[in-house]
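The values are calculated or read from the model by the stated rules, or taken from the named source; none is laboratory data. Remember, it's a predicted structure, so these values are computed and weren't measured experimentally. Here the Cβ is made from the backbone with ideal geometry for all residues, glycine too, and neighbour counts use every protein chain on show.
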Amino acid sequence: MTVSTLTPPSVQCPECGVHSIVEYKPTVYHCLKCDFEKDLSIPPEPKGTGLGAAITGLAGFGLGLLILL
Ligand SMILES: [Zn+2]
């Protein structure tokens, strides 16, 4: 088997600059050198925060209605 020059080099870690990034999960990249981790599948907002914000918003809305009535 010949080593192709077209083979892309391993991903360089943005933290320590070492090419030691491995694909930990299909969407998670992990650096063996400095434990840097990058999850490409992270949603814009964590579940808990979103739910909390929704409840807070709903409570605020209900309070506003009570004041109006
Ligand atoms: Zn690193």
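Of everything in the range 10-32, what is near the ligand (Cβ under 8 Å from one of its atoms) and in contact with a strand residue (DSSP E or B) (Cβ under 9 Å, 6 or more places away or on another chain)? Give them in sequence order. Lay out the reasoning, then the answer.
Let us first name the residues in the range 10-32 that are near the ligand (Cβ under 8 Å from one of its atoms), namely 13-18, 20-21, 31-32.
The answer is Cys13, Pro14, Glu15, Cys16, Val18, Ser20, Ile21, Cys31, Leu32.
Give the residue that is modelled with the lowest pLDDT, with candidates limited to residues of the range 36-69 that are part of a loop (DSSP other than H, G, I, E, B) and surrounded by 10 or more Cβ atoms within 10 Å (Cβ to Cβ). Steps first, answer last, please.
So the first thing to find is which residues in the range 36-69 are part of a loop (DSSP other than H, G, I, E, B), and the list is 36, 40-46, 69.
From the residues that got through so far, the ones that are surrounded by 10 or more Cβ atoms within 10 Å (Cβ to Cβ) too are 36, 42, 45-46.
Values: Phe36: 94, Ile42: 77, Glu45: 67, Pro46: 61.
That would be Pro46.
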